[in-house]
1. Order 152-164, 64-76, 133-145 from most to least packed using the mean count of other Cβ atoms within 10 Å.
2. Stick to the Cα atoms of the stretch 2-45, pair each with every other, and give me the Kirkwood hydrodynamic radius in Å at one decimal.
3. Please state the charge dipole magnitude for the stretch 2-45, taken about the Cα centre, from unit charges on C-beta atoms (+1 on K and R, -1 on D and E), reported in debye and rounded to the nearest 20.
4. If you put +1 on each Lys and Arg Cβ and -1 on each Asp and Glu Cβ, how big is the dipole of the stretch 44-99 around its Cα centre, in Debye rounded to 20?
Amino acid sequence: MAEYRSIAAKIATNTSRTCEAPECAMPRFGFSKYCRAHRRAHERYGHPAGKPVSILQWRPHLHAATAFTGNWLSAGHPGIESAVRWCADQQAAHGQLKRADSKRPWTTFFATLHRGARQGVLPEELVARTLAAFLALRVEPRLFAGGDAFNHALARLFLRTTPQPSDAWLKRRRGPDEHSQELPTINIAYRARDYTAARVIGAIGKLAYRAADEMFKGYEAERQAMNERIEHTRCPDPVAGSSAPFSSSATTTASKGDLH
């Protein structure tokens, strides 16, 4: 009985404090350092301000990474080939696992990969998913509230149990809430996401970082070429007064002139 009173006192002390999430004045929940809402976000996305990455947000990076992986795999790049072999080994390891154990996060990692392999997820796609996540971090860092949020988003993407959705499938999914649609996946616990991110980043992270940097250079080259085309395009002369400053004094002068 004394033990329960001690636990209740600790909870009461903790809940009297303010949530540690930035700009949040809500009381903490239970033993957590966050309020109920930020605790739920932290458990789901790895960060109290974390949000889901929608299908449409992943889509351009997945397309670019898939093409990049296929091209360099055909060219015999040793890093891409090794990454594909590593992913194939992960899909084949511990083949006797049929069910995940929440107390052992590694079982979720291998059991989910087995399920994905049975549904048609290839090792090449696992590599492309990893590269796509690093490319998204390079191009759109705002998608991730922090490093842990990126790790958990990477884990969810890597452990998807269905192949990359087709354009036709995406069109069918579009609707009023299309930007809030998460990628289809089975429920992956917090510890399993941590384990997955650490394992994948440890094996493919260096390669994915360099590949994302290379793809980003391609983005910049395309953008520069487009700007050059625009500059060399014949356009009419700008209208008169285009160089006039936009200042309060100029506006006041113009308004006084109108009155007279």
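Laboratory data are not the source of any read-out in this text; all were calculated from the coordinates shown. Only a predicted model underlies this, so the values are computations on that prediction, with no experimental measurement involved. Note: ideal-geometry Cβ built from the backbone for every residue, glycine included; neighbour counts use all protein chains shown.
1. On the way: 152-164: 22.5, 64-76: 16.0, 133-145: 19.2.
Per-residue Cβ counts within 10 Å, averaged per peptide and sorted highest first, yield 152-164, 133-145, 64-76.
2. Details: mean 1/r = 0.0932 Å⁻¹.
This gives a value of 10.7 Å.
3. Details: 9 positive and 4 negative charges, 17 e Å.
Roughly 80 debye, rounded to the nearest 20.
4. Details: 6 positive and 2 negative charges, 78 e Å.
So the magnitude is around 380 debye.
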